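A.B. asks: Sending over a structure as structure tokens; questions will come in a sec.
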Amino acid sequence: MAGEKTVETTGLLGWLDRRFPVTSTWKAHLSEYYAPKNFNFWYFFGSLALLVLVLQIVTGIFLVMHYKPDAERAFQSVEYIMREVPWGWLVRYMHSTGASMFFVVVYLHMLRGLLYGSYRKPRELVWIFGVAIFLCLMAEAFFGYLLPWGQMSYWGAQVIVNLFAAIPFIGPELSIWIRGDYVVSDATLNRFFAFHVIAIPLVLIGLVAAHLVALHEVGSNNPDGIEIKQGPKDKYGRPKDGIPFHPFYSVHDLVGVAGFLLVFAAIVFFAPEMGGYFLEFNNFIPADSLKTPPHIAPVWYFTPFYSMLRATTDEFTWVLAGAAVLGAIVLFAKSNLKGFLRVAVPGILIVVAVLLRVIDAKFWGVVAMGGTVVILFFLPWLDHSPVKSIRYRPTWHKWIYGIFMVNFLVLGYIGTQPPSPPLNLTSQIGTLLYLAFFFLMPVWSRLGTFKQVPDRVTFHAH
Amino acid sequence: MSQDTLVHDDDGAVDPNLPPDPSRRFWVTTACAVGGVAGVATAVPLVSTFSPSEKARAAGAPVEVDVGDIPVGSMKTVEWRGKPVWIMHRSPEQLAGLKTLDPLLADPQSKRPGFTPPYAENEGRSRKPELFVCVGICTHLGCSPTAHFETGGGGGLGADWQGGFLCPCHGSTFDLAGRVFKNKPAPDNLEVPPYQYLTDTRIIVGVDEDNKA
């Protein structure tokens, strides 16, 4: 047969290679994908996220075999899985623990990217796909949380769907359209089930593939923030600071997997509710559309953003409007924006300041909650520091990152608590700190004395 | 490659560097546009399936309630369109207290449109002063507030608390006429649903002079 591909492999593999890129894909992504040799602890979390994704898909498939997406029967069917399906409790606890552990792993993975500048050129798309994955995960977790049809499921969904009702003009109609009823009901449960088991997972898997393809196109960053492809090469043209992903990091990551599974199994077997943080106590009560539980809070992984939603009261919009006006003045007077932009950008900020006082604070709370996630997309263009990695930044930058992390945890804690005046004030300060971290990044990230970045990665053979 | 006639010649080969043929471009664009219209037309019914079904719409029927058995100072909850509707029997002292709260409220006169029918645009936001009817859904994000009828600091709501409702989700507070206090997450007073009296002790929720429901 003419036109057959010439390949080096023989036998079955050769037959396959002539028809499908088996060997070339294996080489491009594993055995000849050169990753920097100085990866540390923080580099476990990417492969762990992939592991949890697989766990969630597999356990999810088995749960769907017993679960009933019906407002009359959903709660019972979850209890049925827990009590009567052989080993059903294990599958369900693996799935519920997996949901929380997914966020643990992904938050640490994102922090790694933040600290080592893994979002900087040429890895902007890797980061953007990653933030999109994070958004998908949030949607997936939210839709999934309605399915047990407990009190927290019900009222959590009620609150989040009503967020959309805050959008001016179209809001109320939009929230009815999302629910398919005037309140969260059977129709809502059914469609959330469809989103949770098929729509979002499909998008998620596509994004994960895109995240990896983009990563392997530009190569992995490392704790020193050095491009190993631009460094010295050996006589075969391979970067001297790189090692093939397989077998070096595939085996290395197995250590991470073992450590992770120890923690994971400990939670599944000994503390699947995690003191009410992974599975909230109120969710063991069937949904009641007439009675909100006395204290409702989202699951822990949403609470930092939820805190910022609660922080945005009518008074607080004055502060935000003031900050927008101040930003407009400073940008107009001091910035190096040229021509039209010099008027347009401050102009937009003034309009935002006016709208902050014209539209209800409720709407701005929703904007705060969404915007604080969406702002992550812009990180590659907000950071102007001459070095990528935190290792070579001025010492006070490390303090800024430290404050940002502590602030994020404090916001997360406040989000789990009932509202009270001192906590509300703290969350408002926290919201300002969070926003300032990002909005002022173009300024602070270039200030200070940066350390000399070495030519080669920092690495000591074991 | 056993064809009788030779097909692999270069007679029909097109130079890949030629500019696009404008006529083909036109038809490609047109075909995409027509295909796009068909795609959008298919999306419309799919998107429409999200709206409430006929069954859900029909379930929004009015509800009759016997209000003669509600003791003074307490309330009963009924379901209308899947939402809790509160019917509270207020005491004269509670009614007298409402006036004193005006400076602390975001919308004491219930002027904002959409939450108060004309017959309830009064101090007590009700048809008859003592009987208060409202939808027990917070105007912030749709939680159902809890009743805190105790007065004073006992309930943790401050020494000036005269009784009212607290939303557990985001801490909005409402007085005994469902009016929201200032600087709380909830932007509006609790919604007073359409209702009317059938007799002195029976009301119907979901229908009034203007709403045939």
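A.B. asks: Those residues that are within 13 Å of chain A (Cβ to nearest Cβ) and either of a type in the set (Ser, Thr, Tyr) or on the phi > 0 side of the Ramachandran plot (or both), I need them from the stretch B:38-68; list them, please.
C.D. replies: Passing the criteria: B:Ser48, B:Thr49, B:Ser51, B:Ser53.
A.B. asks: A further question follows. Mind telling me which of the residues B:Gly178, B:Gly142 ends up being free of Cβ contacts under 8 Å to residues at least 12 places away in the same chain, closer than 28 Å to A:Gly156 by Cα and touching a Cys at 6+ places or on another chain (Cβ under 9 Å)?
C.D. replies: Only one candidate passes the filter, namely B:Gly142.
A.B. asks: Do we find that A:Val453 is among the aliphatic types (A, V, I, L, M), under 22 Å from A:Ser118 (Cα atoms) and surrounded by 13 or more Cβ atoms within 10 Å (Cβ to Cβ) in this structure?
C.D. replies: Spelling it out, A:Val453 is indeed among the aliphatic types (A, V, I, L, M), under 22 Å from A:Ser118 (Cα atoms) and surrounded by 13 or more Cβ atoms within 10 Å (Cβ to Cβ).
A.B. asks: Additional query: Among the residues of the stretch B:29-37, is there at least one that is surrounded by 10 or more Cβ atoms within 10 Å (Cβ to Cβ), within 14 Å of chain A (Cβ to nearest Cβ) and not aromatic (Phe, Trp, Tyr)?
C.D. replies: no
A.B. asks: Another question about this same structure. Tell me, which residue of the stretch A:161-170 that is within 26 Å of the chain's Cα centre (by Cα) and touching a residue at least 12 places away in the same chain (Cβ under 8 Å) is nearest to the other protein chains (Cβ to nearest Cβ)?
C.D. replies: Restricting to residues being within 26 Å of the chain's Cα centre (by Cα) and touching a residue at least 12 places away in the same chain (Cβ under 8 Å), the top hit is A:Asn162.
A.B. asks: Same structure, new question: List, please: which pairs have Cβ atoms under 9 Å, are six or more places apart or on different chains, and start with a residue in the stretch A:121-150 that is more than 22 Å from A:Lys388 (Cα to Cα) and end with one that is crowded, with 20+ Cβ neighbours inside 10 Å and charged (D, E, K, R)?
C.D. replies: Here the result reads A:Gly150/A:Glu280, each pair linking the stretch A:121-150 to a residue that is crowded, with 20+ Cβ neighbours inside 10 Å and charged (D, E, K, R).
A.B. asks: Taking the stated definitions as given, is B:Pro45 in a loop (DSSP other than H, G, I, E, B) and not aromatic (Phe, Trp, Tyr)?
C.D. replies: The answer is no for B:Pro45.
A.B. asks: Another one. Taking the condition touching a strand residue (DSSP E or B) at 6+ places or on another chain (Cβ under 9 Å) and crowded, with 18+ Cβ neighbours inside 10 Å, does B:Lys128 pass?
C.D. replies: Criteria not met by B:Lys128.
A.B. asks: From the list A:Gly365, A:Gly347, A:Gly371, which residue is surrounded by 18 or more Cβ atoms within 10 Å (Cβ to Cβ) and in a helix (DSSP H, G or I)?
C.D. replies: None of the other options fit; the residue is A:Gly365.
A.B. asks: Considering the stretch B:164-185 alone, what residues qualify as being in a loop (DSSP other than H, G, I, E, B) and within 11 Å of chain A (Cβ to nearest Cβ)? It would help to see each step written out before you state the result.
C.D. replies: Keep residues of the stretch B:164-185 that are in a loop (DSSP other than H, G, I, E, B), which gives B:167-172, B:175-179, B:182-185.
Those that are in a loop (DSSP other than H, G, I, E, B) and within 11 Å of chain A (Cβ to nearest Cβ): B:Cys167, B:Pro168, B:Cys169, B:His170, B:Gly171, B:Ser172, B:Lys182, B:Asn183, B:Lys184, B:Pro185.
A.B. asks: Is it the case that A:Leu12 is assigned to a helix (DSSP H, G or I) and either closer than 27 Å to A:Phe103 by Cα or among the basic types (Lys, Arg) (or both)?
C.D. replies: Judged against the criteria, A:Leu12 is not a match.
A.B. asks: Continuing with the same structure: Step by step: first the residues of the stretch A:287-340, then only those that are among the small types (Gly, Ala, Ser), touching a Ser or Thr at 6+ places or on another chain (Cβ under 7 Å) and part of a loop (DSSP other than H, G, I, E, B), then the one that is farthest from the other protein chains (Cβ to nearest Cβ). Which residue is that?
C.D. replies: Top of the filtered list is A:Ala287.
A.B. asks: Between a residue in the stretch A:34-61 that is among the polar types (S, T, N, Q) and any residue that is not in a helix (DSSP H, G or I), which pairs come within a Cβ distance under 8 Å, given they are 6 or more apart or on different chains?
C.D. replies: Correct list of pairs: A:Asn38/A:Asn222; A:Asn38/A:Pro223; A:Asn38/A:Asp224; A:Asn38/A:Asp241; A:Asn38/A:Val457; A:Asn38/A:Thr458; A:Asn38/A:Phe459; A:Asn40/A:Pro223.
A.B. asks: Going by the structure shown, is A:Glu8 within 14 Å of chain B (Cβ to nearest Cβ) and of a type outside the set (Phe, Trp, Tyr)?
C.D. replies: no
A.B. asks: Given the residues A:Glu84, A:Glu32, which is the only one that is surrounded by fewer than 15 Cβ atoms within 10 Å (Cβ to Cβ), in contact with a strand residue (DSSP E or B) (Cβ under 7 Å, 6 or more places away or on another chain) and not small (Gly, Ala, Ser)?
C.D. replies: Going through A:Glu84, A:Glu32 in turn, just one is surrounded by fewer than 15 Cβ atoms within 10 Å (Cβ to Cβ), in contact with a strand residue (DSSP E or B) (Cβ under 7 Å, 6 or more places away or on another chain) and not small (Gly, Ala, Ser): A:Glu32.
A.B. asks: Could you grab me the full set of residues in the stretch A:376-410 that are under 16 Å from the mean Cα position of the chain (by Cα) and more than 23 Å from A:Asn221 (Cβ to Cβ)?
C.D. replies: Within the stretch A:376-410, just A:Leu409 meets the criteria.
A.B. asks: With the checklist (1) under 27 Å from B:Ala186 (Cα atoms); (2) at the interface with chain A (Cβ under 9 Å from one of its Cβ atoms); (3) at pLDDT 90 or above in hand, flag the one item B:Gly82 doesn't pass.
C.D. replies: Tallying (1) under 27 Å from B:Ala186 (Cα atoms); (2) at the interface with chain A (Cβ under 9 Å from one of its Cβ atoms); (3) at pLDDT 90 or above, B:Gly82 fails exactly one: (3).
A.B. asks: List, please: which pairs have Cβ atoms under 9 Å, are six or more places apart or on different chains, and start with a residue in the stretch A:358-375 that is within 12 Å of chain B (Cβ to nearest Cβ) and end with one that is among the acidic types (Asp, Glu) and in a helix (DSSP H, G or I)?
C.D. replies: Final answer for the pair search is A:Asp360/A:Asp314; A:Ala361/A:Asp314; A:Ala361/A:Glu315.
A.B. asks: Listed residues A:Gly347, A:Gly430; which is closer than 30 Å to A:Ile296 by Cα and away from every other protein chain (no Cβ under 14 Å)?
C.D. replies: The match here is A:Gly430.
A.B. asks: Only one of (1) without any contact (Cβ under 8 Å) to a residue 40 or more places away in the chain; (2) within 14 Å of chain B (Cβ to nearest Cβ) is not met by A:Glu217, so which one is it?
C.D. replies: So the condition that A:Glu217 fails would be (2).
A.B. asks: Here's something else I'd like to know. Quick check: is even one residue across the stretch A:446-459 more than 24 Å from the chain's Cα centre (by Cα), of a type in the set (Phe, Trp, Tyr), farther than 28 Å from A:Leu137 by Cα and at pLDDT below 95?
C.D. replies: Yes - at least one qualifying residue is present in the stretch A:446-459.
A.B. asks: Name the single residue, out of those in the stretch B:111-143 being within 11 Å of another protein chain (Cβ to nearest Cβ) and in contact with a His (Cβ under 9 Å, 6 or more places away or on another chain), that is modelled with the highest pLDDT.
C.D. replies: Only one residue fits best here, namely B:Cys138.
A.B. asks: Quick check on my filter: what residues within the stretch A:182-194 are part of a helix (DSSP H, G or I) and either within 9 Å of another protein chain (Cβ to nearest Cβ) or crowded, with 18+ Cβ neighbours inside 10 Å (or both)?
C.D. replies: First, pick out the residues of the stretch A:182-194 that are part of a helix (DSSP H, G or I): A:186-194.
Result: A:Asp186, A:Ala187, A:Thr188, A:Leu189, A:Arg191, A:Phe192, A:Phe193.
A.B. asks: Okay, moving on. Is it the case, given these coordinates, that B:Thr146 is within 14 Å of chain A (Cβ to nearest Cβ) and crowded, with 22+ Cβ neighbours inside 10 Å?
C.D. replies: No: the conditions fail for B:Thr146.
A.B. asks: Residue check: is A:Lys240 of a type outside the set (Ser, Thr, Tyr), surrounded by fewer than 17 Cβ atoms within 10 Å (Cβ to Cβ) and in contact (Cβ under 8 Å) with a residue 40 or more places away in the chain?
C.D. replies: Spelling it out, A:Lys240 is indeed of a type outside the set (Ser, Thr, Tyr), surrounded by fewer than 17 Cβ atoms within 10 Å (Cβ to Cβ) and in contact (Cβ under 8 Å) with a residue 40 or more places away in the chain.
The values are calculated or read from the model by the stated rules, or taken from the named source; none is laboratory data. Computed from a prediction, not measured in an experiment: that's the story for all the values here. Counting neighbours? That spans all protein chains shown, and the Cβs are built from the backbone with ideal geometry, glycine included.
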